[in-house]
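The values are calculated or read from the model by the stated rules, or taken from the named source; none is laboratory data. Note that this is a predicted model, so its numbers are computed, not measured. With ideal geometry, Cβ positions are generated from the backbone for all residues, glycine too; neighbour counts draw on all protein chains shown.
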Amino acid sequence: MGRKRWALLLAALLLGLLGGCTAAPSPAAEEAAAFLRRYSFPGESVAAPASLLSLIEGEHPRLPLDDLDLTTARTDYLLLPRNARTLLLTADERFRARYRFVAAFGEGETAQPYRLYSRLDDPFDAGAWEPCDYTFITPSGGRLHLRQCHLDRRHWEDDGTLRLILRWTVDAAIGDSLAMTLQLVGPDGLTVVAQEQHWADQLRSDSWFAGMTMETRETLLLPPSLQAGPYALRLRFSPPLQVVEGEPPLTPIDILRLRHLPDVRLAPPPVPDHPLDATFASAIALVGYDAPARVDVGGTLPLVLYWHVLAPLPADEKVFVHLLTADGQLVAQVDAVPLHWSYPTGQWKRGEFIRDTYHLDLSGVPRGDYHLAVGFYDPRSGERLPAEGTGAEAEADRIVLTEVAVR
């Protein structure tokens with residue numbers, strides 16, 4: 001065999017050996033993978049460099065970073081190498097609105113360090129898209145088409161915030177300068193919120209062209225003590241626009257209907273996210289609760305309790321909400337008179353359904369898995385009302401609702 005052929009065979013053998021060798025993962029990569037194994041939930045997606053995906057175990061959708069637009073990605077975790085590209089990315093406003101920094105791995109090593117980011121909950125994600133099929137015709141013949149509306153909730157039970165997304169297309173060039181106001185109209189026909197529409201930093205409306213699409217987001221702050229009943233979301237344009245060609249201009253127009261439910265009512269019964277069957281002193285039923293399964297470290301844990309009054313209570317009891325470790329150690333708590341100190345249990349009436357909201361401050365609570373528990377106690381004696389039913393811990397006279405992950 002000639003020297004040339006031997007040289008070719010030897011080169012092929014060396015290439016094969018080198019191709020079969022895979023560099024061992026760095027300690028930083030292994031540390032990041034261990035962190036994810038400990039703190040992530042099954043089913044949460046993880047995007048990472050392709051070389052690290054094999055380290056990420058468990059029931060996680062695994063996505064290579066090169067296949068993602070990281071300014072718009074909605075994966076639960078991003079494991080990013082610390083390099084110039086990552087520094088530019090994390091300085092992007094769109095990225096910072098969607099992700100928060102969680103932990104760094106290998107920052108002081110000579111090997112590639114990594115940074116882990118987790119997805120922030122977008123309050124606009126709640127609710128559902130609905131068709132809102134209206135074509136508005138401007139005085140100059142332009143056509144603005146409202147195609148879809150997204151409201152975070154059709155019913156609300158406390159004063160707070162409503163979030164609305166509107167999707168538009170321009171069917172014919174506008175050519176007019178438009179102003180639009182979004183109104184929340186109450187059961188008495190009076191406007192309780194009026195907010196000028198912002199066109200999401202688009203061009204002026206008289207420059208909109210056919211085929212253009214827009215998505216606008218609005219946050220409506222609800223005033224306190226709104227009366228219960230039906231409400232409407234209404235659009236008002238200036239100048240007034242037509243919705244049917246040849247007809248007089250029509251403004252305003254109601255695009256969505258919703259309802260404000262009172263915190264205390266006899267009917268209809270509430271529909272909690274998590275139904276429950278538990279009682280305290282055979283007088284108060286806990287028929288369900290709303291609570292997240294996961295809360296950010298240093299954040300706030302919101303909890304809504306749904307009570308049903310089975311019999312009047314002779315005295316004013318206080319509610320306690322506890323966050324506990326697996327061995328029962330208390331790490332966060334709230335004690336209060338129901339309905340933000342406004343409706344003592346001694347005033348409750350048989351048959352009432354009561355929606356009762358609490359917020360636990362998690363400042364100083366470390367990462368981990370905790371139990372969320374509730375109960376009643378007499379503020380004069382400290383004695384707790386006996387608890388029975390689902391989640392009841394008789395020896396502690398409390399109801400354990402669920403497990404909460406602080407991440």
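Within the range 143-150, identify whether any single residue is surrounded by fewer than 16 Cβ atoms within 10 Å (Cβ to Cβ), more than 29 Å from the chain's Cα centre (by Cα) and farther than 30 Å from Val264 by Cβ, and answer yes or no.
Within the range 143-150, not a single residue is surrounded by fewer than 16 Cβ atoms within 10 Å (Cβ to Cβ), more than 29 Å from the chain's Cα centre (by Cα) and farther than 30 Å from Val264 by Cβ.
Keeping to the range 295-340, report how many residues are on the phi > 0 side of the Ramachandran plot and of a type in the set (Gly, Ala, Ser).
Looking only at that region, the number is 2.
Of the residues Gln183, Gln202, Gln227, only one is of a type outside the set (A, V, I, L, M) and either at pLDDT 90 or above or assigned to a strand (DSSP E or B) (or both); which?
So the residue among Gln183, Gln202, Gln227 that is of a type outside the set (A, V, I, L, M) and either at pLDDT 90 or above or assigned to a strand (DSSP E or B) (or both) is Gln183.
Which residues, taken from the range 22-38, are part of a helix (DSSP H, G or I) and either at pLDDT below 80 or touching a Pro at 6+ places or on another chain (Cβ under 7 Å) (or both)?
Ala28
Do any strands (runs of 3 or more DSSP E) entirely within the range 70-130 hold 3 or more residues that are of a type outside the set (A, V, I, L, M, F, W, C), and if so, which?
Fully inside the range 70-130 and qualifying: 114-119.
Go through the range 252-287 and give me each residue that's small (Gly, Ala, Ser) and over 28 Å from Glu130 (Cα atoms). Step through it out loud before you land on a result.
Step one: of the range 252-287, the residues small (Gly, Ala, Ser) are 267, 278, 281-283, 285.
Once the filter is applied, which keeps residues that are small (Gly, Ala, Ser) and over 28 Å from Glu130 (Cα atoms), the range 252-287 yields Ala278, Ala281, Ser282, Ala283, Ala285.
Looking at (1) over 13 Å from the mean Cα position of the chain (by Cα); (2) under 26 Å from Thr219 (Cα atoms); (3) in contact (Cβ under 8 Å) with a residue 40 or more places away in the chain, can you tell me which one Trp129 breaks?
(3)
Restricting attention to the range 281-310, which residues are small (Gly, Ala, Ser) and over 20 Å from Asp263 (Cβ atoms)?
Matches in the range 281-310: Ala281, Ser282, Ala293, Gly298, Gly299.
Return yes or no: is Ala232 of a type in the set (A, V, I, L, M, F, W, C), in contact (Cβ under 8 Å) with a residue 24 or more places away in the chain, in a strand (DSSP E or B) and closer than 30 Å to Leu339 by Cβ?
yes
Just to be sure, is Leu146 in contact with a Leu (Cβ under 8 Å, 6 or more places away or on another chain), closer than 19 Å to Leu222 by Cα and of a type outside the set (D, E, K, R)?
In short, no.
Tally time: how many residues in the range 246-280 are of a type outside the set (A, V, I, L, M) and in a strand (DSSP E or B)?
Number of matching residues: 10.
With charged (D, E, K, R) and without any contact (Cβ under 8 Å) to a residue 40 or more places away in the chain as the only criterion, which of Asp176, Asp171 stands out?
Of Asp176, Asp171, the one residue that is charged (D, E, K, R) and without any contact (Cβ under 8 Å) to a residue 40 or more places away in the chain is Asp171.
Considering each of Leu203, Leu258, Leu222 in turn, give the residue that is touching a residue at least 40 places away in the same chain (Cβ under 8 Å) and either loosely packed, with under 12 Cβ neighbours inside 10 Å or out of contact with any Lys or Arg (no Cβ under 6 Å at 6 or more places or on another chain) (or both).
Every option except Leu222 fails the conditions.
Scan the range 312-335 for residues that are at pLDDT below 95 and among the aliphatic types (A, V, I, L, M) and jot them down.
Result: Leu313, Ala315, Ala326.
Look at the range 341-358 and say how many of its residues are among the polar types (S, T, N, Q), exposed (fewer than 15 other Cβ atoms within 10 Å of the Cβ) and closer than 10 Å to Pro312 by Cβ.
Residues that pass the stated criteria total 1.
Can you go through Leu144, Leu166 and tell me which one is farther than 30 Å from Ser45 by Cα, outside the structural domain of Thr357 (by TED's automatic domain parsing), assigned to a strand (DSSP E or B) and not acidic (Asp, Glu)?
After ruling out the rest, the residue left standing is Leu144.
Taking into account only those residues within the range 321-330 that are surrounded by fewer than 18 Cβ atoms within 10 Å (Cβ to Cβ) and either assigned by TED's automatic domain parsing to the domain that holds Trp156 or of a type outside the set (S, T, N, Q) (or both), which is farthest from Val264 (Cα to Cα)?
Asp327
Select, from Ala293, Ala311, the only residue that is out of contact with any Gly (no Cβ under 9 Å at 6 or more places or on another chain) and within 19 Å of Phe353 (Cβ to Cβ).
When all the criteria are applied, what remains is Ala311.
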